[in-house]
Amino acid sequence: MRRKAALHNLGCKVNAYETESMRQMLEQAGYEIVPFEEQADVYVINTCSVTNIADRKSRQMIHRAKKRNPDSVVVAAGCYVQTSEEQARADEAIDLLIGNNKKHELAELLEHFWEEEKRGRYEKESSVEDIAQNQEYEELKVTGTGEHTRAFIKIQDGCNQFCSYCIIPYARGRVRSRKPEDVLWEVRTLAQNGYREIVLTGIHLSSYGVDFKPQEQSQEKDVNLLSLIRQVHEVEGIDRIRFGSLEPKIITEEFVKGLSELPKICPHFHLSLQSGCDDTLKRMNRKYTCEEYRAGCNLIRRYFSHPAITTDVIVGFPGETPEEFEVTRKFLKEIRFFEIHIFKYSMRKGTPAAQRKDQIPEEIKSARSDVLFEDLAEMNQEYLNWYREKEIEILMEEIVSFGEKKYFLGHTKEYVKAAILLPEGEEPDWENKLLKGRVVSLLKEHILLAERC
Ligand code: SF4
């Protein structure tokens, strides 16, 4: 009888990639994959630990699994296990602990667990190491992803930045980059399986290649993010290349000019800012100034027409005065972002910022966050209005309904949602197709409405 396995992912795109790879590992090992809500013999929860709330949600999903089937084997994997190993070890709902860099052992560890069980022995299994000491990139593979049009692939792990509010370097260890040949194998495989858009992701993508030793560098040139993107660009069948969050420091003339020479590059730059005030950036231990950030955005706008520049901002970071907040607000308005992910600072146990005495009250954080959402609404509309009467290319994803009408929805290269109205009663097979359209208006707030051309 095939054993049933169910997986649940928490957190970032890197986690989602790893969960997909673990799902494929279990399928290859003969398990039947069932939805997480169903009864299963094995439950795998790929946990997140970016905030205290993420820790709590990870524990909730673990306990929900054990409650769903008390006889099941519950596997807790990833960042929560890495940062709270003792607590996870003491948690009776967990049967198997897998730390970061050990997910490739999942099927083997489970096999050993079943062997022991057959012998009437039960022992909590654990494979967790001191991630800070690990130099080796954990090679995992996917041949497809949960989505049908774009595939997120992991090319890098770990972070050496130690921003004062962030626990990730303690959960993910030091920077480790994936070999270019392994990345290219995966991109080719995904292209053969019909994926047209690739999203390169990592924990600190901008550090890709910094850990390669001289002998791992190829004769003629350094292996870094740009050189890797150039190689991915040559893969047939891939029409669009996107990348995850970038650090301002990587935005150099050479990097941006190099990207602008590659037609498949999607001009969507998620440049993580966090604050628009240099004093706040210093307390966050961020490694750039607002002037450098501004210069990077100007560079991108020099080489790309109407690029989408998006970012992350933390409001209410310890010590943020009303004056500092106004400096941030002014800076955001000056840069004119398409999208801003606005986060209220949340204290993360185990980080330097959590020790600070000058914490900001929740109500002030909320007030500042509300102000930025208002500013963002205006910037967002301004960015979208630019498209009126313009020709766009949409990678089609799915049919959606608004009221009585049906539309085919997808994304432009700038990652703007766009839709084409479908003729009454027709459902053309446009999924994963690249279609051209002329923007006639906005459909809902954030969706461009286009007519085919
Ligand atoms: S760059 Fe900073 S915020 Fe990002 S993962 Fe590294 S330490 Fe965390």
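The values are calculated or read from the model by the stated rules, or taken from the named source; none is laboratory data. None of the values given here were measured: they were computed from a predicted structure. Because the Cβ atoms are built from the backbone with ideal geometry, glycine has one as well, and the counts that use them run over all protein chains shown. We work out accessible area using only protein heavy atoms, side chains counted, and drop any ligands, DNA or RNA first. Shrake-Rupley method; radii C 1.70, N 1.55, O 1.52, S 1.80 Å.
Counting only residues that are in a helix (DSSP H, G or I) and buried (at least 16 other Cβ atoms within 10 Å of the Cβ), the stretch 250-259 holds 5 of them.
Being at negative phi, touching a Phe, Trp or Tyr at 6+ places or on another chain (Cβ under 6 Å), touching a residue at least 24 places away in the same chain (Cβ under 8 Å) and surrounded by 13 or more Cβ atoms within 10 Å (Cβ to Cβ) narrows it down to one residue among 127, 164, 177, 207; which is it? First the steps, then the outcome.
On the way: 127 fails: touching a Phe, Trp or Tyr at 6+ places or on another chain (Cβ under 6 Å); 164 fails: touching a Phe, Trp or Tyr at 6+ places or on another chain (Cβ under 6 Å); 207 fails: touching a Phe, Trp or Tyr at 6+ places or on another chain (Cβ under 6 Å).
Residue meeting the stated conditions: 177.
If you go through the stretch 293-313 and pick out every residue that is in contact with a Phe, Trp or Tyr (Cβ under 7 Å, 6 or more places away or on another chain) and more than 24 Å from residue 278 (Cα to Cα), you end up with 2.
Within the stretch 398-419, the set of residues being farther than 26 Å from residue 260 by Cα and either without any contact (Cβ under 8 Å) to a residue 12 or more places away in the chain or under 28 Å from the mean Cα position of the chain (by Cα) (or both) comprises 398, 399, 400, 401, 403, 404, 407, 408, 409, 419.
Among the residues of the stretch 308-322, those that are more than 15 Å from the ligand (Cβ to nearest atom) and open to solvent by 10 Å² or more (accessible area, probe 1.4 Å) comprise 319, 321, 322.
Residues of the stretch 337-394 that are open to solvent by less than 70 Å² (accessible area, probe 1.4 Å), under 28 Å from residue 169 (Cα atoms), in a helix (DSSP H, G or I) and polar (S, T, N, Q): 366, 369.
Give the residues of the stretch 21-34 that are within 17 Å of residue 145 (Cβ to Cβ) and touching a strand residue (DSSP E or B) at 6+ places or on another chain (Cβ under 8 Å), sorted by residue number.
Looking only at the stretch 21-34, we keep the residues that are within 17 Å of residue 145 (Cβ to Cβ), and these are 21-28, 33.
If the condition is that a residue be within 17 Å of residue 145 (Cβ to Cβ) and touching a strand residue (DSSP E or B) at 6+ places or on another chain (Cβ under 8 Å), then 22, 23, 26, 27, 33 are the ones that fit.
Look at (1) free of Cβ contacts under 8 Å to residues at least 24 places away in the same chain; (2) open to solvent by less than 10 Å² (accessible area, probe 1.4 Å) and you find that residue 156 fails only one, number (1). Out of curiosity, is residue 232 assigned to a loop (DSSP other than H, G, I, E, B) and either open to solvent by 10 Å² or more (accessible area, probe 1.4 Å) or more than 19 Å from residue 300 (Cα to Cα) (or both)? Against the criterion (assigned to a loop (DSSP other than H, G, I, E, B) and either open to solvent by 10 Å² or more (accessible area, probe 1.4 Å) or more than 19 Å from residue 300 (Cα to Cα) (or both)), residue 232 does not qualify.
Are there any strands (runs of 3 or more DSSP E) wholly within the stretch 1-96 with 3 or more residues that are β-branched (Val, Ile, Thr) and under 26 Å from residue 153 (Cβ atoms), and if so which?
Numbers: elements: 4-9, 42-47, 73-78.
Hits in the stretch 1-96: 42-47.
The residue of the stretch 264-297 that is nearest to residue 356 (Cα to Cα), among those that are within 16 Å of the ligand (Cβ to nearest atom) and part of a helix (DSSP H, G or I), is 283. Answer yes or no: is there a residue in the stretch 138-149 that is open to solvent by 30 Å² or more (accessible area, probe 1.4 Å), β-branched (Val, Ile, Thr), assigned to a loop (DSSP other than H, G, I, E, B) and under 30 Å from residue 394 (Cα atoms). There is at least one residue in the stretch 138-149 that is open to solvent by 30 Å² or more (accessible area, probe 1.4 Å), β-branched (Val, Ile, Thr), assigned to a loop (DSSP other than H, G, I, E, B) and under 30 Å from residue 394 (Cα atoms).
Test residue 62 against the stated conditions and say whether it is more than 18 Å from residue 140 (Cα to Cα), β-branched (Val, Ile, Thr) and over 21 Å from the mean Cα position of the chain (by Cα).
Details: more than 18 Å from residue 140 (Cα to Cα): yes; β-branched (Val, Ile, Thr): yes; over 21 Å from the mean Cα position of the chain (by Cα): yes.
For residue 62, the condition - more than 18 Å from residue 140 (Cα to Cα), β-branched (Val, Ile, Thr) and over 21 Å from the mean Cα position of the chain (by Cα) - is met.
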